[in-house]
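The values are calculated or read from the model by the stated rules, or taken from the named source; none is laboratory data. Computed from a predicted structure; not experimentally measured. Reconstructed Cβ throughout: ideal geometry from the backbone, glycine too, with neighbour counts over all protein chains shown. Protein only, heavy atoms only, side chains kept; ligands, DNA and RNA dropped before computing areas. Shrake-Rupley method; radii C 1.70, N 1.55, O 1.52, S 1.80 Å.
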Amino acid sequence: MASVIRDAEEWSSPPSDYKLVVPNGWFQISLDPDERDRSIIALADRQFDGVDNAPHIKQRFMRDLQKKAKEARKVGGLELYLSTLMVGPLPLASSLMVSIPPNSWPGTPTAHDVASNLRRRGRDTKVVELTAAGEAVREYKVEAPRPDDQLGNTLSTTTVTYHVPIPASDHWLMLVFSTPLEPLAPKMVELFDAVAETLHWD
């Protein structure tokens, strides 16, 4: 029997989990140390299937992912999704990190409080209403390329972050979407917003 999706205001105690619907072709990497390396190896094997002459590139790919996964875990990261989608020869590179940062917004402020706080820091933010998850703060930014940190990428990176209060608690769930596909950024942002809209508590 399918579970009933409850709106954010219907929770009198914190939910035990969250659910998201991500596109087919996004690979999930658990950030749990006991599962992380298996996920990374599985993704590397999939991405380099049939490529026999680039073992050093595969090793670098896994090392970079392990580094990012460990860094994400330190700031409350729960899971990481990476796109493996292609349009012809072009990879639709994008990622989603889900986290619950410790003490991210102490004092249980509202979404409007958090948005005001971020705007005072010069961030591009607004309060949005997610259908089931309730009010959230949406933050948008474009960063200059960092080729040394992005496997040689020379395009700007577009990031959309959702700060979502977890019902009946003082914790916040963060969804951090990112893509280095500068020419396709507007379309990718539409996709990110659509994924965020599927967030609901369980």
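Note on the chain: with charges restricted to the Cβ of Lys and Arg (+1) and Asp and Glu (-1), its dipole about the Cα centre is near 660 debye.
What value in Å³ per residue do you get for the convex hull of the alpha-carbon atoms in the chain? Numbers along the way, then the final one.
Numbers: hull volume 29.9 nm³, N = 202.
Taking only Cα atoms, the chain has a hull volume of 148 Å³ per residue.
Per residue, the solvent-accessible area of the range 56-202 (1.4 Å probe, heavy atoms of protein chains only, all protein chains present) comes to 51 Å². The H on the amide N of Leu78, modeled in the peptide plane, is under 5 Å from the matching H of Val98, Ser99, Ile100, each at least 5 residues off or on a different chain.
So what is the 222 nm mean residue ellipticity for the chain from helices alone, if each DSSP H run of at least 4 adds -39500 (n - 2.57) and you divide by all residues, rounding to the nearest 500 deg cm²/dmol? Walk me through the numbers on the way to the answer.
Working: 4 runs with 58 residues, N = 202.
So the calculated ellipticity at 222 nm is -9500 deg cm²/dmol.
Considering only trypsin sites (Lys or Arg not before Pro) in DSSP loops that have at most 16 other Cβ atoms within 10 Å, the longest stretch of the chain without any of them is 1-120. 3J(HN,Hα) along the range 77-83: x, 9, 7, 10, 10, 10, 6 Hz, from the Karplus curve 6.51 cos²θ - 1.76 cosθ + 1.60 with θ = phi - 60°, whole Hz, x for Gly and Pro.
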